[in-house]
Amino acid sequence: MIPPVFLILLVGFGLAASAVGAIYWAARNGQFRELDRGARSIFDEGEPVGQPTDQVFRKRVRAPKAS
Amino acid sequence: MSATLQTTVAKPSASTEAEGEVVQRVEVDASCRIPVLFFFSSAICWLLLGSLFGFLASWKMHNPGILDDWSWLTWGRVRVAHLNMVAYGWASQAGIGTGLWLMSRLCRAPLRAPGVTVVAGIFWNIGVTVGIVGILAGHSQSIEWLEFPAYATPLLFVAYALIGIWAVLMFVNRRPGHVYVSQWYLLAAFLWFPWLYGTANVLMQAFPLKGVTYGAVNWWYAHNVLGLWFTPIGLASAYYMIPKVIGRPVHSYYLSALGFWTLALFYSWNGMHHLIGGPFPIWLITASVVASFMMLIPVLTVAINHHMTMRGHFGLLASSPTLRFTVFGAMVYTLVSLQGVTMAIPVWNKITHFTHYTVGHAHLGMYGFFTMTMFGAMYYIVPRLVGCEWRSPLMIKWHFWLSAYGIIFMVASLSLGGFLQGSYLLDKDYTFKQIVEGTLGFLQLRSVSGIALACAHLVFAFHFVLMLLRLGRKGGEATYFNSPETGA
């Protein structure tokens, strides 16, 4: 039987290889291109750039009538 | 990049032309509702229990006689139970809940078969409970961060595997588009944890190694579980919450990618700096100290990025609980990481190692950074899941200030006390008894700050229960915050 340490080492190498694979995939896939667009990917038309989304403490502005 | 910030509050009517995205968000939230709320609820239960045990352990440091008649509540067991409750009961489950929701939202895909994750969560909780009872019964393993007795481990591993597989499947089934930096962090964390946990358990329990390698694996695990499990989840949350709340994209997306990949590259080398001065091959320690310094790259990229994103928008800290907790956490992340780098310097390590200073550092990281970030994430996520808004800004403020002052005082007293303790321990003119007595004042101060933290948790838990019972403020759609008429 293979000693467990070697099995673990094999898995470790596999994991390291998958990390290299991931960065290779990301580069090929264009994940590092158009970085500005990447940063904006969490916004959409419903929650656009320029619109804060969490305003519990906000004073002064009156709350719209609850539906 | 620098979009002008509207000061108007989001109105549901803005979504007419964006029906698709809103429906998508609603679907994502609906699919995550039960599992994420389950993980958050059980995390908060463990947080309360963990606070109690932490307080007990802290109190025993200056009043050793208290509750000492029963072996189950002796200091050696209570402290370990506290650590495992907050690490695996609270922090991991808060992280899993946040991670599942964020992953689902960023993949723009609902969580499939959410029942499986709930079952996994139930098993995880059974595992933690069995482990804690085992520790209190005296079956603790003398492996730091892996004290759970061997019979609890398989349960935890299988439960985790289900959750991890679900998170990875979600990523595989994501809607096409850009992979956001938070997704990288989350995917990595969900893959790193089983590797760390599995390897450490195989090499330390199933087929134990002998000699120095045993210590090496222990610290490889104990340090990486912080840096490759908790840290990426905390950062994933901060990288989403900060831009999202202030409505402005991350300052430099290039830096965020650099930060992620350098963390992945350097972090796993760091653990051996816990063995400085120990009977251990010097080259391993040296490599680890060098890697600790290399951590300056990912830490500073994150710090610069978050600061520059926030610049000009610090005023929003006054209006958003999520932002307040998350930014506090992000700032502490920079601080605690830089402190960690200095603690890897051998001359400084010689003073601080094996003193309360290290304990202060651990609390700064796990509480000041990770826990605060998770609170921030919960303040954002829970209203979207239950469909009503947090009831009382006043309670959130109490939660924040008690937590913030509590952790600041705790770390300050432990750091100062630990530094003095370490300095005097190196001085032959002082007896051990004198030094121990000298730390008592600092330890009492730490207990007091622990009370503040426990109160903060009680306030938060009460508020969370109100939300679960849907007793929050109603009005508008769940995805938008309406403004209360009084800020309190």
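Values for this structure:
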quantity	calculated
Count - residues of the range B:277-296 that are open to solvent by 40 Å² or more (accessible area, probe 1.4 Å) and either at pLDDT 95 or above or part of a helix (DSSP H, G or I) (or both)	8
Meets criteria (surrounded by 20 or more Cβ atoms within 10 Å (Cβ to Cβ), of a type in the set (A, V, I, L, M, F, W, C) and within 26 Å of B:LEU226 (Cβ to Cβ)) for B:ALA120	yes
Residues (within 15 Å of B:ILE96 (Cβ to Cβ) and aliphatic (A, V, I, L, M)) located in the range B:145-168	B:LEU156, B:VAL158, B:ALA159, B:ALA161, B:LEU162, B:ILE163, B:ILE165, B:ALA167, B:VAL168
Residue within the range B:432-440 that is assigned by TED's automatic domain parsing to the domain that holds B:GLY360, part of a helix (DSSP H, G or I), acidic (Asp, Glu) and open to solvent by 40 Å² or more (accessible area, probe 1.4 Å) present	yes
B:GLN6 being at pLDDT 55 or above, of a type outside the set (Gly, Ala, Ser) and out of contact with any helix residue (DSSP H, G or I) (no Cβ under 6 Å at 6 or more places or on another chain)	no
Within the range A:8-67, tally of residues that are at pLDDT 85 or above, open to solvent by 90 Å² or more (accessible area, probe 1.4 Å) and among the basic types (Lys, Arg)	3
So B:LEU196, is it farther than 30 Å from A:ALA27 by Cβ and not aromatic (Phe, Trp, Tyr)	no
Filter result (open to solvent by less than 60 Å² (accessible area, probe 1.4 Å) and among the β-branched types (Val, Ile, Thr)) within the range B:142-191	B:ILE143, B:THR153, B:ILE163, B:VAL168, B:VAL179, B:VAL181
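The values are calculated or read from the model by the stated rules, or taken from the named source; none is laboratory data. Treat the numbers as computed from the prediction; the structure is a model and nothing was measured. Please note: Cβ atoms are built from the backbone with ideal geometry, for glycine as well, and neighbour counts cover all protein chains shown. For accessibility, only protein heavy atoms count, side chains too; no ligands or nucleic acids. Shrake-Rupley method; radii C 1.70, N 1.55, O 1.52, S 1.80 Å.
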